[in-house]
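Visitor: Input: one structure, supplied below.
The values are calculated or read from the model by the stated rules, or taken from the named source; none is laboratory data. What you see is a predicted model; the values in this text were computed from it and never measured. Heads up, the Cβs are rebuilt from the backbone with ideal geometry, glycines too, and the neighbour counts pull from every protein chain shown. These accessible areas exclude ligands, DNA and RNA; they are computed on the full protein's heavy atoms, side chains included. Shrake-Rupley method; radii C 1.70, N 1.55, O 1.52, S 1.80 Å.
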Amino acid sequence: MHISEGILTWPVLASGAAFAAAGTAVGLKKLKTEDIPKTAILSAAFFVASLIHVPIGPASAHLILNGIVGLLLGWAAFPAILVALFLQALFFQYGGITTLGVNTLLMALPAVLCYLVFHPLIIKKDGYTASAAGFAGGFLSVLFSGIILAAFLIFAHRAFTEVAYFIVSIHLPIMIIEGIITMFCIGFLKKVQPSLLGSVYGFDGSNPAITK
Amino acid sequence: MLSEPFSIGNSVIHRIDPRHRILAAFLYSVVVAVLYQLQALALATAFSGLLVKTAGLDGKAVFRRLALVNGFVALFWLILPFTAKGDILFEAGPLTVYEAGVLMALQITLKSNAIIMAFISLVSTMSFSTLGYALRSLKLPHKLVFLFILTYRYIFVIEQEYRKIWRSVKVRGFSPATSIHCYKTYAYMIGMIFVRAAARADRVYRAMLCRGFNGRFHSLSDFPASGKNGLFLFIAIVCTVLLVSTEWYFHG
């Protein structure tokens with residue numbers, strides 16, 4: 001999910017860039033140098049996810065995975081997503097220089113919000129609660145991204161309202177699939193390598209579930 | 001999967017200092033993004049086309065990249081002309097086409113193509129390591145540049161791991177369908193990619209530490225200061241000034 005070059009007006013582009021820069025600054029500050037290789041892995045996975053197509057009925061959609069990136073990285077999701085989007089702009093011309101800020105914000109802000117709300121639940125609880133939190137993390141991060149994208153379009157110009165609604169509505173099935181995939185993926189990581197979800201990726205030392 | 005088809009070349013543009021190119025691309029994109037007058041946008045598209053020509057890029061390859069972007073733009077063409085109310089351009093049966101909508105869709109098309117052509121010819125024409133080095137010398141935070149370079153490296157690792165896992169599920173008879181089983185398989189595949197890639201990242205990082213890595217990268221290629229760089233930046237500034245004045249002129 002991204003906005004191409006040439007669509008938004010300058011106030012929207014500038015404020016998007018400012019918020020994305022602030023988020024990235026926070027993320028970089030919390031990111032320790034020794035954790036950069038692992039952050040890069042997730043950043044690369046976020047990049048590759050856009051090439052993985054999953055079937056939905058007769059059609060197919062590519063994965064977004066900003067929920068998983070958020071749940072595993074916390075605030076470091078901002079620099080991770082910024083870097084992945086810049087690479088996508090470089091290789092595929094998805095988005096571009098002037099829209100890098102808005103695109104980073106619309107992907108990373110929901111990821112960080114999902115981390116703040118659902119990460120403690122996933123770490124501390126088991127069974128249905130953790131699964132539900134995983135599903136909600138994947139589902140809501142795509143939903144919020146869609147809402148932010150729609151808001152940017154509508155702020156830029158009232159005439160974009162219908163386009164914005166259309167984009168959000170085609171993402172509805174994708175939200176459900178992202179929810180399901182995030183839920184199973186988080187469950188899998190909890191069983192196979194819980195350190196990926198916990199201490200290793202706990203950039204925010206204040207999280208009690210991690211420091212314990 | 002990934003290639004840098006535009007980075008190989010020996011045109012005037014390829015020889016200009018990457019830092020100057022990045023600055024020029026940034027300045028130009030920002031200016032084009034705020035233009036509204038069709039005349040100014042047409043001029044910008046012409047400038048960008050000229051850039052692609054100067055960089056001596058394969059027209060077909062550039063066109064393919066643009067086609068991808070124009071898919072998103074097409075969405076605006078499908079909706080805007082019918083919904084942006086204003087003066088009626090013409091009516092075709094039950095459909096009314098409004099002038100304002102067509103105008104807006106046209107603006108978007110010109111703008112996005114102009115910016116992307118400039119981006120391809122200025123930034124995609126440098127190799128990745130050069131880009132990382134240039135970003136660092138443009139004073140970007142060094143953690144960010146480090147993350148950027150490693151991410152680029154790991155994209156290939158992740159892609160390899162993905163292909164490996166994909167082969168092994170295929171061998172076991174997996175076929176994608178709209179079912180919980182399928183999504184579960186994809187989720188486990190992604191989880192497994194994280195597990196393997198994280199282990200690999202760890203090994204690579206330890207190896208780098210052993211070899212005295214201190215968080216800094218160095219570029220092997222050298223960019224001698226030459227009058228051409230200054231001239232290039234000067235032309236870029238003249239072009240943007242021309243664009244801005246065209247915008248003002250037609251703005252009235």
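Visitor: Going by the structure shown, is B:Ala187 at the interface with another protein chain (Cβ under 7 Å from one of its Cβ atoms), touching a residue at least 24 places away in the same chain (Cβ under 8 Å), surrounded by 11 or more Cβ atoms within 10 Å (Cβ to Cβ) and not basic (Lys, Arg)?
Guide: Taking the combined requirement at face value, the residue does not satisfy it.
Visitor: Can you find, within segment B:40-74, the residue that is farthest from B:Val30 (Cα to Cα) among those that are open to solvent by less than 40 Å² (accessible area, probe 1.4 Å) and not in a helix (DSSP H, G or I)?
Guide: B:Leu57
Visitor: Could we say that A:Met107 is more than 10 Å from every other protein chain (Cβ to nearest Cβ) and farther than 22 Å from A:Gly23 by Cα here?
Guide: Answer is no for this residue.
Visitor: Kindly establish whether A:Thr99 is in contact with a Leu (Cβ under 9 Å, 6 or more places away or on another chain), under 21 Å from B:Val123 (Cβ atoms) and open to solvent by less than 30 Å² (accessible area, probe 1.4 Å).
Guide: For A:Thr99, the condition - in contact with a Leu (Cβ under 9 Å, 6 or more places away or on another chain), under 21 Å from B:Val123 (Cβ atoms) and open to solvent by less than 30 Å² (accessible area, probe 1.4 Å) - is met.
Visitor: Which of the residues that make up segment B:80-121 are more than 30 Å from B:Ile22 (Cα to Cα), open to solvent by 30 Å² or more (accessible area, probe 1.4 Å) and among the aliphatic types (A, V, I, L, M)?
Guide: Those that are more than 30 Å from B:Ile22 (Cα to Cα), open to solvent by 30 Å² or more (accessible area, probe 1.4 Å) and among the aliphatic types (A, V, I, L, M): B:Ile88, B:Leu89, B:Ala92, B:Leu95, B:Ala100, B:Val102, B:Leu103.
Visitor: Can you name the condition, by its number, that B:Phe26 falls short on among (1) in contact with a helix residue (DSSP H, G or I) (Cβ under 7 Å, 6 or more places away or on another chain); (2) within 10 Å of chain A (Cβ to nearest Cβ); (3) buried (at least 16 other Cβ atoms within 10 Å of the Cβ)?
Guide: Status for B:Phe26: all satisfied but (1).
Visitor: Starting from segment B:35-64, keep only residues that are over 14 Å from B:Ile13 (Cβ atoms), then list their pairs with residues that are at pLDDT 85 or above and acidic (Asp, Glu) whose Cβ atoms are within a distance under 6 Å, requiring at least 6 positions of separation or different chains.
Guide: B:Leu35/B:Glu247; B:Gln37/B:Glu247; B:Ala40/B:Glu247
Visitor: Could you figure out which of (1) at the interface with chain B (Cβ under 9 Å from one of its Cβ atoms); (2) assigned to a helix (DSSP H, G or I); (3) touching a residue at least 60 places away in the same chain (Cβ under 8 Å) isn't true of A:Leu8?
Guide: Every condition holds for A:Leu8 apart from (2).
Visitor: Quick check on this structure: which one of B:Val157, B:Val145, B:Val195 is β-branched (Val, Ile, Thr), free of Cβ contacts under 8 Å to residues at least 12 places away in the same chain and not in a loop (DSSP other than H, G, I, E, B)?
Guide: Just a single option satisfies the conditions, and that option is B:Val195.
Visitor: Kindly indicate the residue of segment B:133-142 that is assigned to a helix (DSSP H, G or I) and either open to solvent by 10 Å² or more (accessible area, probe 1.4 Å) or out of contact with any Ser or Thr (no Cβ under 9 Å at 6 or more places or on another chain) (or both) and also farthest from the other protein chains (Cβ to nearest Cβ) among those meeting that condition.
Guide: B:Ser137
Visitor: Given the residues B:Ser175, B:Ser129, B:Ser124, which is the only one that is in contact with a Phe, Trp or Tyr (Cβ under 9 Å, 6 or more places away or on another chain), small (Gly, Ala, Ser) and open to solvent by 60 Å² or more (accessible area, probe 1.4 Å)?
Guide: One residue alone meets the criteria, B:Ser129.
This table checks each residue for (1) out of contact with any Asp or Glu (no Cβ under 7 Å at 6 or more places or on another chain); (2) buried (at least 23 other Cβ atoms within 10 Å of the Cβ); (3) within 14 Å of chain B (Cβ to nearest Cβ).
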{"residue": "A:Phe46", "(1), (2), (3)": "yes, yes, yes"}
{"residue": "A:Ser50", "(1), (2), (3)": "yes, no, yes"}
{"residue": "A:His62", "(1), (2), (3)": "yes, no, yes"}
{"residue": "A:Ala84", "(1), (2), (3)": "yes, yes, yes"}
{"residue": "A:Leu121", "(1), (2), (3)": "yes, no, no"}
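Visitor: If you don't mind, there's one more thing I want to ask. Only one of A:Lys32, A:Lys38 is farther than 24 Å from B:Ile190 by Cβ and either modelled with pLDDT of 90 or more or at the interface with another protein chain (Cβ under 10 Å from one of its Cβ atoms) (or both); which?
Guide: Testing whether each residue is farther than 24 Å from B:Ile190 by Cβ and either modelled with pLDDT of 90 or more or at the interface with another protein chain (Cβ under 10 Å from one of its Cβ atoms) (or both) leaves just A:Lys32.
Visitor: So in segment B:78-132, with the set limited to residues that are small (Gly, Ala, Ser) and under 16 Å from A:Ile7 (Cβ atoms), which one is farthest from the other protein chains (Cβ to nearest Cβ)?
Guide: It comes out as B:Ala105.
Visitor: Now for a separate question. When you go through (1) open to solvent by less than 50 Å² (accessible area, probe 1.4 Å); (2) assigned to a helix (DSSP H, G or I); (3) outside the structural domain of B:Ala199 (by TED's automatic domain parsing); (4) not small (Gly, Ala, Ser) one by one for B:Trp77, which number turns out not to apply?
Guide: (1) is the only condition that B:Trp77 fails.
Visitor: Now a separate question. Listed residues A:Leu82, A:Leu90; which is part of a helix (DSSP H, G or I) and modelled with pLDDT under 90?
Guide: Sole residue among the options that is part of a helix (DSSP H, G or I) and modelled with pLDDT under 90: A:Leu90.
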